[in-house]
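All remarks here apply to the structure that follows.
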Amino acid sequence: MTKKIRIAAVGDIAFLFKPETDIWKGMWDEADIRIANLEAPIVENPGPPADKLIRMKQPPDAATWLKDLNVTAVSLANNHMLDWGKEGLEQTCEFLDRAMIGHTGAGKNLEEASKPYIFQVDGHKIGFISWSSTVPPGFQALNNRPGIASVRVKSSFQVDSSILDEQPGTPPWVQTEPVEDDLKLLEESIAFLRKETDFVILALHWGVPPQWSSLPQDPIAEYQKVMAERVVDAGVDVILGHHSHAPYGIETYKPNSNVEKEVPVLYSLGNYIFHPEHSPHGFDQSTFHVPYAPSLLPENIQSCLAELILESEPDSNHLSLKQVIMHPAMLDEIGEPVEGTLEQRQKVSERLQQFSKKRGTETKLVNQTVVLEVNSTVAPYSR
């Protein structure tokens, strides 16, 4: 008999206070596994503040609030996890451990930061790792330095003088590529985890929020496509993206192998609970030197929950992803999820579907949800 495992995944969580008891959860509590991205450290005694654009922190009770939300595990590899030094990172891990919430993506060195979290469900092992390409100076975990598991990105800028003559002030075209040595480390981590587990989930903190993007460029940066192709070839089964603070749709990739398989890339799940952006004192910007003034866009108050349905076949220990369902929602005035109106949910789902279709991925709209039927067979991996 075919067994089904359901995974629920949401985007960024950053608390300033205890969330409301009636927040929207969709099918969250019905899932076997519940994953979120913890966007800010949980800090009681801050260390030296990082010299960076924006800093955030969460109060010590945040771990309890995560537990109350029934979160199974969180990704930690992101551009805020060391906002308050290694002390803030250490306290975050301690608070999560006390609350018995799994975590991956950051630690006292590279080995610890890249260590996966393993879910055990119905006799299956599901591997979960978290890496980031948003890497402030000094945040990357090294063999002898605490930090986040990272694939740094190199940027260059192309300017067409004829465009500048005709339209002075036009932003340059931003070219990006991942640092090869970092990407190889990620590939090695995936390949090892592939052999040890029945399914591999990769959380990636990457991309550019739409309010920070150059409109003439695609919302997906060049390096994201390169990374997606490489990690799919290495053995990832699904990518859960964060950092853009707005939900994006799905693109599927096929590994360069004989395996008949599609791997969904969910470029961004958006925000789930994000108090700082909706509070006048949510961000610490005391070292904000450049006068950027990005305004929130309509998609920044859209949210979603991704439901992943996995199946195992008899006499096989590998799990296949059969369906991805994106459940739309909205954020209220304090940055917490609400169901929203029928019209609002329809608008979110249509935007996600159009995003996916533009990238060659056909989905269906079913009762305001976006449904992807995944063409995937049980892969011939064994452990």
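Structural remarks
- Candidates are the residues of segment 352-375 that are in a helix (DSSP H, G or I) and more than 20 Å from the chain's Cα centre (by Cα); the one that is surrounded by the fewest Cβ atoms within 10 Å (Cβ to Cβ) is 354.
- Any hit, segment 87-99, residues being closer than 19 Å to residue 275 by Cα and charged (D, E, K, R): no
- Of all the criteria given as (1) touching an Asp or Glu at 6+ places or on another chain (Cβ under 8 Å); (2) modelled with pLDDT of 95 or more, the one not satisfied by residue 50 is (2).
- Test: residue in segment 154-164 that is in contact with a Ser or Thr (Cβ under 8 Å, 6 or more places away or on another chain), surrounded by fewer than 18 Cβ atoms within 10 Å (Cβ to Cβ), outside any helix (DSSP H, G or I) and among the charged types (D, E, K, R): yes
- Out of 234, 191, 228, sole residue that is within 16 Å of the chain's Cα centre (by Cα) and either surrounded by fewer than 15 Cβ atoms within 10 Å (Cβ to Cβ) or closer than 23 Å to residue 153 by Cα (or both): 228
- The residues on offer are 125, 115, and the sole one that is among the charged types (D, E, K, R) and either more than 30 Å from residue 6 (Cβ to Cβ) or assigned to a strand (DSSP E or B) (or both) is 125.
- Any chance residue 236 is touching a strand residue (DSSP E or B) at 6+ places or on another chain (Cβ under 6 Å), modelled with pLDDT of 95 or more and not in a loop (DSSP other than H, G, I, E, B): no
- Of residues in segment 262-300 being at pLDDT 90 or above and of a type in the set (Asp, Glu), the one farthest from residue 373 (Cα to Cα): 299
- Criterion (in a strand (DSSP E or B), within 21 Å of the chain's Cα centre (by Cα) and not β-branched (Val, Ile, Thr)) met by exactly one of 80, 103: 103
- Looking only at residues of segment 83-100 that are surrounded by 24 or more Cβ atoms within 10 Å (Cβ to Cβ) and assigned to a helix (DSSP H, G or I), we find that the one that is farthest from the chain's Cα centre (by Cα) is 88.
Rundown of residues vs (1) within 22 Å of residue 311 (Cα to Cα); (2) surrounded by 14 or more Cβ atoms within 10 Å (Cβ to Cβ), yes/no style:
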residue: 6; (1), (2): yes, yes
residue: 17; (1), (2): no, no
residue: 23; (1), (2): no, yes
residue: 35; (1), (2): yes, yes
residue: 53; (1), (2): no, yes
residue: 58; (1), (2): no, yes
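- Residues in segment 63-117 that are in contact with a Cys (Cβ under 9 Å, 6 or more places away or on another chain) and touching a residue at least 60 places away in the same chain (Cβ under 8 Å): 2 in all.
- Sub-9 Å Cβ pairs linking a first residue in segment 139-157 that is under 18 Å from residue 81 (Cβ atoms) to a second residue that is assigned to a strand (DSSP E or B) and of a type in the set (Val, Ile, Thr), at least 6 apart or interchain, are 139/148; 140/148; 141/148; 149/104; 149/129; 153/176, ordered by first then second residue.
The values are calculated or read from the model by the stated rules, or taken from the named source; none is laboratory data. Just so it is clear, the model here is predicted, and its values are computed rather than measured. Cβ coordinates were reconstructed from backbone atoms using ideal geometry, including for glycine residues, and neighbour counts include every protein chain displayed.
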